[in-house]
């Protein structure tokens with residue numbers, strides 16, 4: 001495209017700039033258009049989990065439902081309550097969407113298609129993730145509403161806490177591939193990392209779910225306690241943008257899972273036919289996303305003390321141990337510094353898989369033991385002190 | 001280093017605003033705008049707002065952000081380490097274990113102090 | 001300075017950094033000051049990218065915006081009565097402004113080529129250089145190696161961990177409510 | 001490229017801005033934010049000198065990373081102090097904190 005523009009008569013720099021700008025628009029518009037389809041898909045899935053039919057009126061299978069909703073929300077009055085901080089209030093939904101779409105800049109759609117292949121790709125993902133937290137805080141603070149403010153505090157506690165296991169999980173593919181570039185990580189996955197590091201995938205999915213703020217970790221916008229939290233005062237299209245950001249973020253976590261652990265665009269003939277790679281990536285992402293929706297639809301919301309305990313007293317130690325053990329095993333097996341084919345990767349992957357199974361067993365045993373002791377303790381206290389169960393249940397550390 | 005890779009990010013930052021902003025502005029144009037006193041009240045589950053939202057909140061939130069800050073800085077060190085790991089010896093792993101151990105000591109202290117407890 | 005693409009980006013980033021910085025010190029509303037701080041830090045990250053240190057740019061956003069600035073904003077939210085002060089500057093502010101301006105002039109006179117043109121070369125350094133060698137592509141990997149290299153930054157690296165540990169323990173001690181004191185009545 | 005001294009001028013301006021904030025703001029948190037600006041100015045200088053003088057040796061980058069660590073530790077303890085004082089005196093005005101003065 002650069003060559004074409006230069007032929008028309010643009011200077012080289014300008015041609016590059018225009019080509020890049022076109023790339024940006026393609027990637028960002030794709031992300032937002034995908035939302036229209038994705039929301040429909042998620043609603044259908046959610047309906048299935050709850051034994052409903054889901055949207056089925058507008059268009060075939062209710063496909064155009066989201067478009068209809070968009071039109072409706074466009075025509076809704078945009079109410080701003082008294083005492084809001086206008087600038088911050090209006091910027092928050094925009095920043096929320098921007099923070100998510102920015103991630104798509106480093107997503108390798110296929111062997112040849114990538115927005116930009118940064119050499120700090122994975123780190124860039126983290127950096128962009130930080131902006132999402134800022135958007136939530138901005139929305140919560142500017143709304144001049146107690147619930148929104150409380151939600152902003154919770155956002156700090158939750159989003160920020162779960163970033164730690166998220167980073168610990170991200171470090172494993174970086175360590176295994178010896179690169180932070182997303183494209184390079186995909187290329188290095190001669191065998192998908194999900195086989196070498198299943199525990200890491202689990203960590204990533206759990207912390208990812210918490211980062212999106214979806215059930216069972218939807219404490220930011222708990223309807224029954226915080227009446228939907230930080231976007232309580234938003235209406236009309238501004239609310240719509242928060243909705244889009246949440247959906248897109250959820251799907252993006254699916255995409256990242258696919259890239260980092262499920263081999264990204266890898267698949268038969270994907271190296272030669274770019275569109276095939278794109279197709280594979282979307283299938284894998286949708287699968288990962290489906291898992292997230294499944295979890296969301298199945299589990300009830302956790303309490304905030306449980307949420308934070310679970311992070312700091314379980315996920316973080318497990319993540320640290322996981323990282324060090326993977327690093328140790330990786331060093332112990334000879335030849336791991338140069339893996340260039342499927343054959344090279346078999347032995348390390350099998351060894352890591354075994355170690356992971358062992359870790360799963362140990363963690364499972366620890367958890368079972370802990371659960372038994374906790375139950376025994378509560379039962380003893382209930383029996384001994386004759387207290388109502390509710391006051392004791394939350395007393396555990 | 002090739003700055004061209006970053007032009008894309010810069011442009012994304014510059015143009016990315018437009019995509020969510022367009023529907024919001026469109027909404028502003030298309031949607032009705034009839035504000036009144038009651039409509040603009042701050043939502044508080046149907047009752048009128050009691051006091052200011054700026055009541056005192058617990059400092060507990062601060063402790064979690066604090067622990068996160070310390071972890072975040074440490075994790076920054078882990079990235080170049082993980083990146084170079086294939087070219088490093090076993091000693092590097094030992095150093096990192098010491099590094100993480102010190103961090104875990106701090107976490108355990110916070111834990112034992114009861115600061116990570118919500119109640 | 002001729003207007004190349006790079007110099008334009010440099011000017012934009014500098015403007016963001018300095019504009020954000022000025023707004024931080026002059027904003028009446030502290031929460032806004034916190035947001036402006038983020039803007040300023042983002043500009044610094046942009047400067048780091050221009051200086052071929054993308055990893056540091058990432059660190060800047062992750063640590064400064066993602067953690068430090070958020071912590072600051074949280075502290076602002078936790079100490080609410082002061083977001084709106086009648087006077088944001090103290091009484092000596094005019095003198096302080098003059099002092100800062102004097103300091104700025106002093107610094108600029110040292111680093112800018114004016115000194116060289118006046119014939120003073122006390123610093124024995126060339127600040128006008130424009131074309132340094134390229135940064136090797138694997139500089140982040142080398143940074144990782146250097147950080148754990150016993151001959152280079154191993155000691156600072158471990159000491160950094162100790163410092164952070166001490167900071168965390170100290171801060172938790174300060175913030176977590178002291179139960180024994182609260183029982184006694186909680187005087188100063 | 002842009003000559004080195006331009007980066008230094010930007011850093012100098014940022015540093016002076018921060019300096020003014022530290023000296024003139026009344027709110028302790030605002031003072032802390034101004035200190036962050038000053039630290040950032042230092043970091044710009046470190047990275048700029050690294051880039052123009054020793055791009056092959058990573059001392060400048062490593063130094064900047066350690067500045068991040070120090071900044072984080074400083075903010076963590078500084079804000080903890082401010083919150084602690086606020087709890088006792090309901091104020092974060094730097095001039096009000098005169099417990100050690102006589």
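The values are calculated or read from the model by the stated rules, or taken from the named source; none is laboratory data. Nothing here was measured: the structure is a model prediction, and the numbers come from that model. Neighbour counts are summed over all protein chains in view; Cβ atoms, including those assigned to glycine, are modelled from backbone coordinates with ideal geometry.
Using the structure shown, decide if residue D:59 is modelled with pLDDT under 90 and more than 7 Å from chain C (Cβ to nearest Cβ). Against the criterion (modelled with pLDDT under 90 and more than 7 Å from chain C (Cβ to nearest Cβ)), residue D:59 qualifies.
Residue-by-condition table, conditions (1) surrounded by 24 or more Cβ atoms within 10 Å (Cβ to Cβ); (2) in contact with a helix residue (DSSP H, G or I) (Cβ under 9 Å, 6 or more places away or on another chain); (3) within 7 Å of another protein chain (Cβ to nearest Cβ); (4) free of Cβ contacts under 8 Å to residues at least 40 places away in the same chain:
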residue	(1), (2), (3), (4)
C:19	no, yes, no, yes
C:28	no, no, no, no
C:36	no, yes, no, yes
C:41	yes, yes, yes, yes
C:58	yes, yes, yes, yes
C:66	yes, yes, yes, yes
C:70	yes, yes, yes, yes
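Scanning the range A:263-283 for residues that are surrounded by fewer than 23 Cβ atoms within 10 Å (Cβ to Cβ) and under 16 Å from the mean Cα position of the chain (by Cα) yields a count of 1.
Just checking, which of B:11, B:66 is modelled with pLDDT of 70 or more, surrounded by 15 or more Cβ atoms within 10 Å (Cβ to Cβ) and facing chain A (nearest Cβ under 8 Å)?
Values: B:66 fails: facing chain A (nearest Cβ under 8 Å).
Residue meeting the stated conditions: B:11.
Quick check on the range A:211-227. Is at least one of its residues assigned to a helix (DSSP H, G or I) and modelled with pLDDT of 80 or more? For the range A:211-227, residues assigned to a helix (DSSP H, G or I) and modelled with pLDDT of 80 or more: present. Please determine whether any residue of the range D:58-67 is farther than 30 Å from residue D:28 by Cα and outside any helix (DSSP H, G or I). Yes, that holds for at least one residue. Residue A:111 fulfils the conditions (1) in a loop (DSSP other than H, G, I, E, B); (2) free of Cβ contacts under 8 Å to residues at least 60 places away in the same chain except for a single criterion, (2).
Let me confirm something: among A:138, A:180, which residue is touching a residue at least 24 places away in the same chain (Cβ under 8 Å), within 14 Å of chain C (Cβ to nearest Cβ), closer than 17 Å to residue A:249 by Cβ and crowded, with 24+ Cβ neighbours inside 10 Å? Spell out how you get there, then give the answer.
Values: A:180 fails: closer than 17 Å to residue A:249 by Cβ.
Of A:138, A:180, the one residue that is touching a residue at least 24 places away in the same chain (Cβ under 8 Å), within 14 Å of chain C (Cβ to nearest Cβ), closer than 17 Å to residue A:249 by Cβ and crowded, with 24+ Cβ neighbours inside 10 Å is A:138.
Given the conditions (1) in contact with a helix residue (DSSP H, G or I) (Cβ under 6 Å, 6 or more places away or on another chain); (2) closer than 20 Å to residue A:249 by Cα, and given that residue A:110 satisfies all but one, which numbered condition is not satisfied? The number of the failed condition is (2). Within the bounds of the range A:5-16, is there any residue that is within 20 Å of residue B:5 (Cα to Cα), modelled with pLDDT under 75, more than 14 Å from chain B (Cβ to nearest Cβ) and in a helix (DSSP H, G or I)? Yes: one or more hits.
This table checks each residue for (1) more than 30 Å from residue A:270 (Cβ to Cβ); (2) at the interface with another protein chain (Cβ under 7 Å from one of its Cβ atoms); (3) in contact (Cβ under 8 Å) with a residue 24 or more places away in the chain.
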| site | (1), (2), (3) |
| --- | --- |
| A:85 | yes, no, yes |
| A:93 | yes, yes, yes |
| A:106 | no, no, yes |
| A:124 | no, yes, no |
| A:132 | yes, no, yes |
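So which of C:23, C:50 ends up being buried (at least 17 other Cβ atoms within 10 Å of the Cβ) and either at the interface with chain A (Cβ under 9 Å from one of its Cβ atoms) or closer than 18 Å to residue D:17 by Cβ (or both)?
Details: C:50 fails: either at the interface with chain A (Cβ under 9 Å from one of its Cβ atoms) or closer than 18 Å to residue D:17 by Cβ (or both).
Only one candidate qualifies: C:23.
For the range D:30-39, does any single residue satisfy the condition of being closer than 21 Å to residue C:55 by Cβ and either in contact with a helix residue (DSSP H, G or I) (Cβ under 8 Å, 6 or more places away or on another chain) or crowded, with 24+ Cβ neighbours inside 10 Å (or both)? Yes, the range D:30-39 contains a residue that is closer than 21 Å to residue C:55 by Cβ and either in contact with a helix residue (DSSP H, G or I) (Cβ under 8 Å, 6 or more places away or on another chain) or crowded, with 24+ Cβ neighbours inside 10 Å (or both). Selection over the range A:310-341 of residues that are more than 24 Å from residue A:186 (Cα to Cα) and more than 8 Å from every other protein chain (Cβ to nearest Cβ) gives a count of 6.
Annotation: of all residues in the range C:147-158 being facing chain B (nearest Cβ under 9 Å) and buried (at least 21 other Cβ atoms within 10 Å of the Cβ), the one that is modelled with the highest pLDDT is C:157. Residue A:138 meets each of the listed conditions (1) at pLDDT 85 or above; (2) farther than 30 Å from residue C:59 by Cβ apart from (2).
When the range A:45-69 is filtered for residues that are in contact (Cβ under 8 Å) with a residue 60 or more places away in the chain and either crowded, with 20+ Cβ neighbours inside 10 Å or in a loop (DSSP other than H, G, I, E, B) (or both), only A:50 remains.
Of the helices (runs of 4 or more DSSP H) entirely within the range A:293-388, those holding at least 2 residues that are loosely packed, with under 12 Cβ neighbours inside 10 Å occupy A:342-385. Would you say residue A:20 is buried (at least 18 other Cβ atoms within 10 Å of the Cβ), modelled with pLDDT under 80 and assigned to a helix (DSSP H, G or I)? Against the criterion (buried (at least 18 other Cβ atoms within 10 Å of the Cβ), modelled with pLDDT under 80 and assigned to a helix (DSSP H, G or I)), residue A:20 qualifies.
Taking residues in the range A:152-175 that are facing another protein chain (nearest Cβ under 7 Å), and partners anywhere that are crowded, with 24+ Cβ neighbours inside 10 Å and not in a helix (DSSP H, G or I), the pairs with Cβ atoms closer than 6 Å and at least 6 places apart or on different chains are A:174/A:180.
Among all residues of the range D:79-101, there is none that is in a helix (DSSP H, G or I), within 13 Å of the chain's Cα centre (by Cα) and in contact (Cβ under 8 Å) with a residue 24 or more places away in the chain.
One line per residue, one yes/no per condition, for (1) more than 14 Å from chain B (Cβ to nearest Cβ); (2) at pLDDT below 75:
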position: C:87; (1), (2): yes, yes
position: C:94; (1), (2): yes, no
position: C:107; (1), (2): yes, no
position: C:117; (1), (2): yes, yes
position: C:139; (1), (2): no, no
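With respect to residue A:170, determine if the residue is under 14 Å from the mean Cα position of the chain (by Cα), assigned by TED's automatic domain parsing to the domain that holds residue A:238 and part of a helix (DSSP H, G or I). Spelling it out, residue A:170 is indeed under 14 Å from the mean Cα position of the chain (by Cα), assigned by TED's automatic domain parsing to the domain that holds residue A:238 and part of a helix (DSSP H, G or I).
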